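The values are calculated or read from the model by the stated rules, or taken from the named source; none is laboratory data. A quick note: this is a predicted structure, and the numbers were derived from the prediction, not measured. Heads up, the Cβs are rebuilt from the backbone with ideal geometry, glycines too, and the neighbour counts pull from every protein chain shown. The accessibility values were calculated without ligands, DNA or RNA, using every heavy atom of the protein model including side chains. Shrake-Rupley method; radii C 1.70, N 1.55, O 1.52, S 1.80 Å.
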Amino acid sequence: MEETYLLNVEGVRKKILHGGQGELPKLQDGSKITFHFQTLKDNFERTVIDDSREAGIPMEIIVGKMFKLEIWETLLSSMRAGEVAEFWCDAIHTGMYALVSRGMRRIAEGRDPLEGQKHRCGMGNMFDYHSTGYDDLDELQRTPQPLIFIMELFRVRGMAGMAASVGMTRAGSSASLSLQVEEPSAYKRDTWAMSKEEKLAAVPVLHSEGNRLVLRKEFGQAAEKYQEAVICLRNLQAKEKPWEDGWLKLESLVTPLVLNYCQCQLELGEYYEVLEHTTELLQKHNDNAKAYFKRAKAHAAVWNEREAREDFLRVAHLDPSMAAAVKKELKQLGERMRKKHVEDRKRYQGLFQPSRGP
């Protein structure tokens, strides 16, 4: 189930990944909401910023207690118990996320979330300090941007003890309830909910499905499979130290998937998408002939003749086995550019001719 629609809130879109049960909860001041969440960047890799599942216990907020990220109450109020939903939120709603995340991370680390803060509002504290102590949060603080929140609602408990819940025991204290959550299994597990082993196992399956769809010339669907596989690997890579063995092994799996994705985008005519991702890839791996080749074709398609020629020549230098393909592409590029110049001359001939007198 993947129904996408707009909430009655500017800059918010919702996609239901798994439907819930019962009626929508009626939130009131003092209601306790228990849920898991994952926060992702709105980029190609859907980079994971935070994941409550890694801490092992769900998140809890109390309605009306001035939670700094007000939009979360709005998002959760649109969900039923047991529902899993993905929300895209514009930057107008996410400006405080860096501060909220900083506090949650400190709690998970066993530290005081208010350590070192003055007794001021959250916005004031953001201006008091140049750094949150976390590089990725500092980036969000400098450049507020849209974020994606994937939420799984477990329980809403009202002040009188009435609750809408699913997958939780009713016995024990509120603390034990937070720990006794059963994983829902009635829906296809999305990559965000997978363990490390499950993500690694999913990658070759997604790669194979993408290849199968390419053979059927279903390039749009194939691109989605390659992208999902990249997301799995990028999530795992985020836990590794850049350029060390674990990171490099994952990067070696990412690279062919990105190239396959770019090939699909070439077939779909999304040339600027190809330019973006091949350039990003070449910033890390400046000797990748295939990336240069795909970027050259994208440059050629958007009439960047000089850039296309430079990339094609770089391909022939890096991989002599591709020299024949490069020669063919350069010939086609020359023919296309000559044809374009002829058409341009015809189009503009006479445009600047002096007008004749009477």
- prompt: What are the residues in the stretch 25-75 that are acidic (Asp, Glu) and in contact with a strand residue (DSSP E or B) (Cβ under 7 Å, 6 or more places away or on another chain), if any?
  reply: Asp42, Asp50, Asp51, Glu60
task: State whether one or more residues within the stretch 294-317 are under 22 Å from Gly210 (Cβ atoms), in contact (Cβ under 8 Å) with a residue 24 or more places away in the chain and either in contact with a strand residue (DSSP E or B) (Cβ under 6 Å, 6 or more places away or on another chain) or open to solvent by less than 20 Å² (accessible area, probe 1.4 Å) (or both).
output: yes
Check on Leu233, open to solvent by less than 20 Å² (accessible area, probe 1.4 Å) and modelled with pLDDT of 95 or more: no
statement: Counted residues in the stretch 11-61 being under 16 Å from Ala238 (Cβ atoms), open to solvent by less than 50 Å² (accessible area, probe 1.4 Å) and of a type in the set (A, V, I, L, M, F, W, C) come to 4
- line: Checked the stretch 270-293 for anything open to solvent by 10 Å² or more (accessible area, probe 1.4 Å) and either of a type in the set (D, E, K, R) or free of Cβ contacts under 8 Å to residues at least 24 places away in the same chain (or both); matches are Glu270, Glu273, Glu276, Thr279, Glu280, Leu282, Gln283, Lys284, Asn286, Asp287, Lys290
- prompt: Quick one: would you say Arg295 is in a helix (DSSP H, G or I), farther than 23 Å from Lys225 by Cβ and assigned by the TED database to the domain that holds Glu224?
  reply: no
task: Tell me which residues, restricted to the stretch 247-262, are under 20 Å from Arg46 (Cβ atoms) and not polar (S, T, N, Q).
output: Trp247, Leu250, Glu251, Leu253, Val254, Pro256, Leu257, Val258, Leu259, Tyr261, Cys262
message: For the stretch 260-286, which positions are in a loop (DSSP other than H, G, I, E, B) and on the phi < 0 side of the Ramachandran plot?
response: Leu268, Glu270, His285, Asn286
- request: Report whether or not Glu244 is closer than 19 Å to Asn43 by Cβ, at pLDDT below 95 and surrounded by fewer than 18 Cβ atoms within 10 Å (Cβ to Cβ).
  value: no
Positions within the stretch 191-224 being part of a helix (DSSP H, G or I), open to solvent by 50 Å² or more (accessible area, probe 1.4 Å) and free of Cβ contacts under 8 Å to residues at least 40 places away in the same chain, in sequence order: Glu197, Glu198, Leu200, Ala201, Pro204, Val205, Ser208, Glu209, Arg212, Leu215, Gln221, Glu224
Conditions (1) modelled with pLDDT under 90; (2) open to solvent by less than 30 Å² (accessible area, probe 1.4 Å): number failed by Glu73: (2)
